[in-house]
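Chemist: My questions will all concern the structure given below.
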Amino acid sequence: KKVSYSAMQSTGTLTLGNYLGALDNWLKMQEEYECFYAIADLHSLTIRQNPAELRKRARDLYALYVAAGLDPEKNCIYFQSHVSAHAELAWILNCFTYMGELNRMTQFKDKAAKHADNINAGLFTYPSLMAADILLYQADVVPVGVDQKQHLELTRDIANRFNGIYGDVFTIPEAYIGKSTAKIMSLQDPTRKMSKSDENPNASILLMDDPDTIIRKFKRAVTDSDMEIRYSDDKPGIQNLINIYSCITGKTIEEVEKEFDGKGYGEFKLAVGECVANRLKPLQDRFYELQKDKTYLNSVIKENDEKAAYFANKTLRKVQKKVGLTERI
Ligand code: TYM
């Protein structure tokens, strides 16, 4: 079986962007691929966190993966910080990654501008830890949103460089990016991506928003002064809503345009809001169930942490040997 690997940071609550851009594709892969999905709690430390809150968010994120439909008995879902091989390989990869490469990362530039008082070395070397995540599991595909594409290209460059020196140690991973869900846009400014850190609460649909909130946010979504429900780059607001509706209902763009031909924006926005609310409701119910009874999650977490460590350590030992670290006695 081919390997699928991905992760999310445990920073803030997930948005519809995380769900459609990543999680929904992970769900589609669980039969066909051997899947590893992590809670990237080490990555979350690149921004100052409240310890109790971070711990809760990481655990909630785990529950959310499961509530969304990822079966923790089929997929290896684990905490990045529980597998020390990540930090160990990241160090080694840091020694094969150039400052110039890290300097070119647009996410680093954006985050450094936003957190000017805390431009730490972890923020800078964030992509080499992400490369370590992916390469430890010999991933073939990495389902992500388009904002992670540059990091994935760097991962491939690092892996190719390493293989060039030491032989075929790492599988070279491919990004798997959905067509219409690669970048879900803000509902208040459809030229920017929907983001958990947006200050305007109406800009993002959070996965735990209740149905009324979801519908209200869609009703307020910024569109244009035109009246046509047509998929076009000149109409980013409507385009974003069509993408969301198409992805949730499984209808093609053309089918959506046809369905709402001659109808008003109000009616369309309501339909989008309703289909999103309906999709998220069972996920939310399962999430609250999982929070009530901790025993199930505790047992799968332990098992999966061990499984992840087993795979990761195999690659790590190989790398350590290749680069010339002293063998264990
Ligand atoms: P993160 O936590 O920012 O986002 C998690 C996933 O959600 C996708 N995403 C979106 N997709 C479409 N539209 C949006 N508006 C949107 N917003 C977010 C992201 O592309 C991502 O797939 N560095 C990663 C986490 C990570 C990782 C990894 C990913 C750590 N190690 C190894 C893949 C492989 C991150 O910060 O994602």
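The values are calculated or read from the model by the stated rules, or taken from the named source; none is laboratory data. If you're wondering where the values come from, they're calculated on a predicted model, not measured in any experiment. As a convention, Cβ positions derive from the backbone with ideal geometry for all residues, glycine included, and neighbour counts pool all protein chains shown. Ligands, DNA and RNA are excluded from the accessible area calculation, which covers all protein heavy atoms including side chains. Shrake-Rupley method; radii C 1.70, N 1.55, O 1.52, S 1.80 Å.
Chemist: Just how large is the dipole of the range 211-272 about the Cα centre, in debye to the nearest 20, putting +1 at every Lys and Arg Cβ and -1 at every Asp and Glu Cβ?
Modeler: 380 debye
Chemist: Turning to a different aspect of this structure: If H86, H115 are ordered by their accessible area, calculated over protein heavy atoms with a 1.4 Å probe, which sequence runs from highest to lowest?
Modeler: H115, H86
Chemist: For a distance above 27 Å, tell me the whole-number percent of Cα pairs in the chain that qualify.
Modeler: Details: 25232 of 53956 pairs.
That tail contains 47 percent of the Cα-Cα pairs.
Chemist: Based on alpha-carbon centroids, what's the gap between the range 307-328 and the range 1-36 in Å, whole number please?
Modeler: Going from one Cα centre to the other spans 26 Å.
Chemist: Here is a follow-up. Report, to the nearest whole %, how much of the accessible area of the chain belongs to carbon and sulfur atoms, 1.4 Å probe, protein only.
Modeler: About 51 percent, which is the carbon plus sulfur part of the accessible surface.
Chemist: Here's another thing I want to ask about it. Using just the helices of the chain, give the 222 nm mean residue ellipticity in deg cm²/dmol: DSSP H runs with n ≥ 4 each add -39,500 (n - 2.57), and the total is spread over all residues, rounded to 500.
Modeler: -17000 deg cm²/dmol
Chemist: Here's another thing I want to ask about it. Take the Cα coordinates of the range 26-164, assign each an equal point scatterer, and use the Debye formula without solvent to give log10 I(q)/I(0) at q = 0.11, 0.14, 0.17, 0.18 Å⁻¹.
Modeler: Debye intensities relative to I(0), on a log10 scale: -0.43, -0.71, -1.05, -1.16.
Chemist: With 10 Å bins from zero, work out the P(r) of the range 177-283 over every alpha carbon pair and list the percent per bin.
Modeler: That works out to 15, 52, 31, 2, in percent per bin.
Chemist: Compute the separation of the alpha-carbon centres of the range 207-231 and the range 113-183 and state it in Å as a whole number.
Modeler: Comparing the Cα centres of the range 207-231 and the range 113-183, I get a distance of 33 Å.
Chemist: For the range 174-312, what is the accessible area per residue in Å² when the probe is 1.4 Å?
Modeler: With the other protein chains kept in place, the range 174-312 gives 54 Å² per residue.
Chemist: Which pairs break 27 Å Cα to Cα here: K56/K307; K149/K321; K2/K292; K183/K269; K269/K292?
Modeler: In this structure, K149/K321; K2/K292; K269/K292 exceed 27 Å between Cα atoms.
Chemist: What dipole magnitude, in Debye to the nearest 20, does the chain give about its Cα centre under +1 on Lys/Arg Cβ and -1 on Asp/Glu Cβ? All intermediate terms of the calculation are to be shown ahead of the outcome.
Modeler: Details: 44 positive and 45 negative charges, 177 e Å.
That gives a dipole near 860 debye.
Chemist: Still on this structure, I have one more. List the longest stretch of the chain that has no exposed loop site; here a site is one of the GluC sites (Glu not before Pro) assigned by DSSP to anything other than H, G, I, E or B, with at most 12 other Cβ within 10 Å. Could you put the intermediate results ahead of the total?
Modeler: Values: sites that count: E31, E32, E73, E199, E327.
With a cap of 12 other Cβ atoms within 10 Å, the longest stretch comes to 200-326.
Chemist: A159: net charge of surrounding residues, Cβ under 15 Å, Lys/Arg +1, Asp/Glu -1, itself excluded?
Modeler: -3
Chemist: Follow-up question, since we're still on this one. Taking the Cα centre as origin and putting +1 on Lys and Arg beta-carbons and -1 on Asp and Glu beta-carbons, what dipole magnitude results for the range 254-329, to the nearest 20 debye?
Modeler: The dipole of the range 254-329 has a size of about 960 debye.
Chemist: Now for a separate question. Rounded to the nearest 5, what % of DSSP beta bridges with both residues in the chain are antiparallel?
Modeler: Looking only at bridges with both residues in the chain, the antiparallel portion is about 10 percent.
Chemist: Let me ask something additional. Within the range 95-159, report the chymotrypsin sites (Phe, Trp or Tyr not before Pro) that DSSP leaves as loop and that have at most 12 other Cβ atoms within 10 Å. Could the numbers behind the result be given before it?
Modeler: Numbers: sites: F96, Y98, F108, F124, Y137; in loops: F96, Y98, Y137.
Counting only loop positions with at most 12 other Cβ atoms within 10 Å, the chymotrypsin sites (Phe, Trp or Tyr not before Pro) in the range 95-159 are Y98.
Chemist: As an exercise, use a Förster radius of 56 Å and the Cβ-Cβ distance of Y231 and K321 to find the FRET efficiency, rounded to the nearest 0.05.
Modeler: The value I calculate is 0.60.
Chemist: Between M99 and I329, take the C-beta separation as r, use R0 = 41 Å, and let me know the FRET efficiency to the nearest 0.05. Walk me through the intermediate numbers first.
Modeler: Values: r = 36 Å, r/R0 = 0.88.
Calculated value: 0.70.
Chemist: Express in nm, to one decimal, how much length is gained between R220 and A52 on full extension, taking 0.36 nm for each residue of separation and deducting their alpha carbon distance.
Modeler: 57.1 nm
Chemist: Which net charge results when you count Lys and Arg as +1 and Asp and Glu as -1 among the other residues whose beta-carbon is under 15 Å from that of V83?
Modeler: -2
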